[in-house]
Amino acid sequence: MRPATQRYLQRVGLGLCVVALALGVAAGAWKPDFIDRFDAFIYDARLRATMPGTLDERIVIVDIDEASLAEYGRWPWSRHHLARLVDILFDEQDIAVLGFDVVFAEADNSSGLLQLQALATGTLQDNTDFLEALPSLAQELDYDRRFANALRDRPVVMGYYLTSDRLGHRTGQLPAPVLDPDATGERPFNATTWNGYGSNIPMLAEAASQAGFFNPIVDSDGIVRSLPLLARHEGKYYESLALAMFRVLTGMPEVRPGFPEGVSFLDQHPYISHIALEQEGRSMHIPVDHRAAVLVPYRGPGGVDGNTFTYISAEDVLAQRLPPGMLAGALVLLGTTAPGLLDLRATPISEVYPGVEVHANLLAGLLDGRIPVKPDYAAGFDVVMVIGSGLLLALALPALGVWSSVALTLATLSGLVAFNTWLYAAQDLALPLATSLLAVFAIFGLNLIYSYFIESRSKRELAHLFGSYVPPELVEEMVREPERYSMQATDRELTVMFSDMRGFTNLSETMAPADLQHFLNRLFTRLSMIIRHERGTIDKFMGDCVMAFWGAPVQEPQHARLAVLAALQMRQAVLDINAENRQQQLPDIGMGVGLNTGMMCVGDMGSELRRSYTVIGDAVNLGSRLEGLSKYYGVDVVASASTREQAGDDFVWQELDKVKVKGREEAVTIYTMWGLASEHTPEQLEPLECWNRFLHSYRSQDWNAAREHLRAYAAIGKNPKLCELYEAHIQAWEAHPPPVDWDGSARFDTK
């Protein structure tokens, strides 16, 4: 055999080996994870390239956004707000269908009705006037019933979620299943199965006409590409939120499973190929995969600025800022884009994508009758593509030169991609492509290696042939300013603030629960506005405490100064609120603020069920400890030395002490803030000199001089509690002198 023929056959043999291996992968005999990941990447790129990117005016998202939360408080809201929202949408806007991408799993007791009913059987059981007024009050204050009445006899679809865990936890009341094989004689079929659920309270579940689950299917890479249309629980089948809304809109057609041709009736759990919606002799088929799920036909970029769906703030609806009938005939989804409520999904479009818009995209696809599907013959299609492209290159490339081989390979790749994209865009078929593309790359690569490394002994690198393997995507930047925000955890120097309200107990004893809630919302709104105005990030609300930090996600070199300015304005806000309280004969409140600057870990943290953008680290813990010390020293602001140093010279500071807090052996110098330096005259600063002389004498253990300076400072009338505290310290040290190595610090062994 001639050497040229031998080399040709050797190269053909290498190509056929690749084809055989690829056929095994395509047929499912062996499929490594990277093939699935590559196919997912191709699907995502193809989806983004073929999205219409136009506004769908049929679907409107009423958004529980940051403005709504700022106006009506943290979620969940009192349900009389939601009842009013429903009334406005149907009565004034004349919408067609309303779907809730939220669940109401607990009763709303925020109105105080339970307390009134307890009084009726207790303290006020003999009060005739009270007992006569209670029924009318109950009607007004039963917020769940008001919400239920607003839902009743209207085209409303409630939302709920299904779960799977060892114990099968269940809350609320499930709707009636759309399919019950035991009752209808239908044969069971494969679908995503769950053993628990979190649904709405019975009063709301019974009032609404329909309900649908809003669970997505999260792929192994964390991306939401599919939504189940039907899911199974205890042998019964339930419908998704989007399908339920579509059925309500189209007159409630009956749901029937559609089995593929050739499936034996003896199969215990056959797969369905489609869902049939049947009504008055007409039938609509929705193709589904083996999980009774569909691929989400994403239309374009997500979010308020994505221009794919109209977003309207819930606050604007409640404030009745919309012209009457503006939403007439619209399908409305109530959901949230607020990062704090954590209904953000990773999708092929973006890693930070509103969960409610995922359902909106599927609903739009149902309305258009265009749902991408991976058909049951996808594996066979993959085999055909591998055979066709693989044999062509395996036989042709060994006979061609380098540049001709490159041209044929590129033409084959282009043909595969173009054909696959056409099937997706024109026929809604999501068919695999990774195996045939990799087979093409592998055959071309092996031929090039053989040509250059074996025949020519060339040392050329071939890594670029596998350029289709892309690195992991960067973390998506945040929604409002994507060019400046990152959710990735990093170590960064920041300033953290803990602010706790003093006198809350006294206030709560003098106010009704609803009034107390209104007061807290008003207080937190003012404090939140101040923090945001000074470019701070609100981390969380914890009871009557606010946690915030400066310097992330947007880097801010003056983070310490801005945090101190916020504390100064918060102090004034509390004074203003106290002035308002006095007019209502309510007790004053106080505020304790702890500020610390240092290295912290900031980023998106938590579990898969609940996450938040937050800070952690020793510097954060110290900030919390400093807030607790404010009450001990009788001041409203306690800041660490690092915050004082970085805040600059615009403020007047008084050194309070050196402290060793729980968990730290190193003493920290702490300060309180008097205010802006520009607002203090030299005469007003003279007490600081007296105080500094006291501290010097105190730390020098010159107790007589320290007592003299302290009493001189006390005579000025500033912070009597601080003076009493140090007077007690001096007496204690005189009775029991400090150790020889005492550095003048106080130790705190409790939080």
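The table for this structure:
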read-out	value
Per-q log10 I(q)/I(0), segment 15-94, q = 0.18 Å⁻¹ (Debye; single scatterer per alpha-carbon; no solvent)	-0.90
Karplus (6.51, -1.76, 1.60) ³J(HN,Hα), θ = phi - 60°, over segment 309-325, in Hz, Gly and Pro reported as x	10, 6, 9, 10, 5, 4, 5, 5, 5, 5, 7, 6, 8, 7, x, x, x
Under-22-angstrom lysine pairs by C-alpha in the chain, whenever the two are 8 or more apart or on separate chains	16
Portion, in percent, of the accessible area of segment 179-305 that falls on carbon or sulfur, probe 1.4 Å	51
Crossing angle, helix 703-716 versus the chain [Cα axis fit, 0-90 degrees, rounded to tens]	90
Listed residue (N621, P553, A425) projecting farthest to the positive dipole end of the chain, Cβ model	A425
Viscosity 1.567 mPa s, 4 °C: Kirkwood-radius Stokes-Einstein D of segment 223-367 over Cα pairs, µm²/s	75
For G503, residues with placed amide H under 5 Å, excluding near neighbours	G590
Sequence ranges 565-575, 693-703, ranked by mean other-Cβ count within 10 angstrom, highest first	565-575, 693-703
Using alpha carbons only: equivalent-ellipsoid semi-axes of segment 631-698, gyration tensor based, whole Å	22, 15, 11
Rg(Cα)/(2.2 N^0.38 Å) for the chain, N = residue count	1.25
Dipole of the chain [Lys/Arg +1, Asp/Glu -1 at C-beta], most positive-end residue of G401, T490, Q517	G401
Dipole in debye (nearest 20) - segment 177-272, about Cα centre, beta carbon charges: Lys, Arg +1; Asp, Glu -1	140
Interchain or long-range residues, amide H under 5 Å from F213's placed H	Y160, E239, S240, L241
Cα gyration tensor shape for segment 481-568, rounded if a/c is under 1.5, else prolate or oblate	prolate
Per residue accessible area of the chain, 1.4 Å probe, in Å²	47
Quarter of the Cα convex hull surface for segment 315-390, i.e. its orientation-mean projected area (nm²)	8.6
Burial ranking of peptide ranges 360-367, 99-106, 540-547, 654-661 (average Cβ count within 10 Å, highest at the top)	360-367, 99-106, 654-661, 540-547
Relative packing of peptides 170-179, 639-648, 581-590 - highest average C-beta neighbours within 10 Å first	639-648, 170-179, 581-590
Cα-centred dipole magnitude for the chain, charges only on beta-carbon of K, R (+1) and D, E (-1), debye, nearest 20	2440
Hz values of 3J(HN,Hα) by residue in segment 149-161 - Karplus curve (6.51, -1.76, 1.60), Gly and Pro given as x	5, 5, 7, 5, 6, 10, x, 10, 10, 7, x, 7, 10
Note, ³J(HN,Hα) from phi for segment 349-356, Karplus 6.51, -1.76, 1.60, rounded to Hz, x at Gly and Pro	8, 7, 7, 10, 10, x, x, 5
Placed amide H near L656: partners under 5 Å, 5+ positions off or other chain	I670, Y671, T672
For segment 155-263: rounded, prolate or oblate by the Cα gyration tensor [a/c cutoff 1.5]	rounded
Whole-angstrom Cα spans of segment 299-442 along principal axes, big to small	75, 29, 23
Antiparallel %, DSSP beta bridges [both residues in the chain], to 5	65
Normalised contact order of the chain, rounded percent, pairs of Cα under 8 Å and 6 or more residues apart	12
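The values are calculated or read from the model by the stated rules, or taken from the named source; none is laboratory data. Because the structure is a prediction, the values reported are computed rather than measured. Positions of Cβ are backbone-derived with ideal geometry, glycine not excepted, and every protein chain shown enters the neighbour counts. Keep in mind that these areas ignore ligands, DNA and RNA; they rest on the heavy atoms of the full protein, side chains included. Shrake-Rupley method; radii C 1.70, N 1.55, O 1.52, S 1.80 Å.
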